[in-house]
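Following: one structure in structure tokens, then a few remarks.
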Amino acid sequence: MSGAAQAFSGNLKKAVAGIRRINLEGLRWRVFDAKGQVLGRLASQISTVVQGKDKPTYAPNRDDGDMCIVLNAKDICVTGRKLTNKFYRWHTGYIGHLKERSLKDQMAKDPTEVIRKAVLRMLPRNKLRDDRDRKLRIFPGSEHPFGDKLLEPYVMPPRQVREMRPRARRAMIRAQKKAEQQEGGKITSKGKKRDEQTVLTS
């Protein structure tokens, strides 16, 4: 890890914290690329791998999950208006000190915590949760200090898009036709103006 650690420009102490407490024997190093991925769909796949549910030897009382390295956390996507409407709330312990932070502000402050909280809230709340949390390593960019390990890129399953409802399909077709008519009207108006200019010049 020495060469990879020298090339890593981030906080090395934080990136490698608690890794000595993990029994790495027989574990695979899975790499997730979060660029352009939807937050919830990515977190569900990571939680499956961290728990070891993708293995035939899975048992709920054993921690058989693999190491998960998540890259490009700053380029994660969300659907709808979650960027402004989703809030993280916590209490400091003092009276009236209920704090909140929007997803947009959290992405600007620390995008790795967004993925970490999404994954941890999908894990069962038992004694294995802390060990599974140590196997999760999230980085905001594409750099990481584990370049000397045998890394396996994780391929996300294809997204199953349900068929559009007839009413929504008709509305989409009407909007497309309206846009085409507007573009056609602009083109014809430009053509008329050119004809008028040529007549005036002649």
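The values are calculated or read from the model by the stated rules, or taken from the named source; none is laboratory data. Please read all numbers here as calculations on a predicted model, not as lab measurements. When we count neighbours, we look across all protein chains shown, and the Cβ atoms used for this are built from the backbone with ideal geometry, even at glycine. Please note that ligands, DNA and RNA were not included when accessible areas were found on the heavy atoms of the full protein model with its side chains. Shrake-Rupley method; radii C 1.70, N 1.55, O 1.52, S 1.80 Å.
Numerical summary
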{"read-out": "Rotationally averaged projected area of region 55-123 (alpha carbon convex hull; nm²)", "value": "7.2"}
{"read-out": "Two-site label geometry, VAL155 and GLU100: point separation in nm, points 7 Å out along Cα→Cβ", "value": "4.3"}
{"read-out": "Expected 222 nm ellipticity per residue - DSSP helices of 4 or more, -39500 (n - 2.57), all of the chain, to 500", "value": "-13000 deg cm²/dmol"}
{"read-out": "Whole-number accessible area per residue in Å² for region 1-144, which is evaluated in the context of all protein chains at 1.4 Å", "value": "60"}
{"read-out": "For ARG89, net neighbour charge (Lys/Arg +1, Asp/Glu -1) across residues whose Cβ lies under 10 Å away", "value": "+1"}
{"read-out": "Rounded percent of accessible protein surface that carbon and sulfur make up, region 37-82, 1.4 Å probe", "value": "49"}
{"read-out": "Dimensionless Rg ratio for region 16-85, taking C-alpha atoms and the 2.2 N^0.38 Å reference", "value": "1.30"}
{"read-out": "Spin-label model distance (nm) - MET122 vs TYR58, 7 Å beyond Cα toward Cβ", "value": "1.2"}
{"read-out": "Which label in (1) 19.9; (2) 20.5; (3) 21.0 gives the computed Kirkwood radius over Cα pairs in Å", "value": "(3)"}
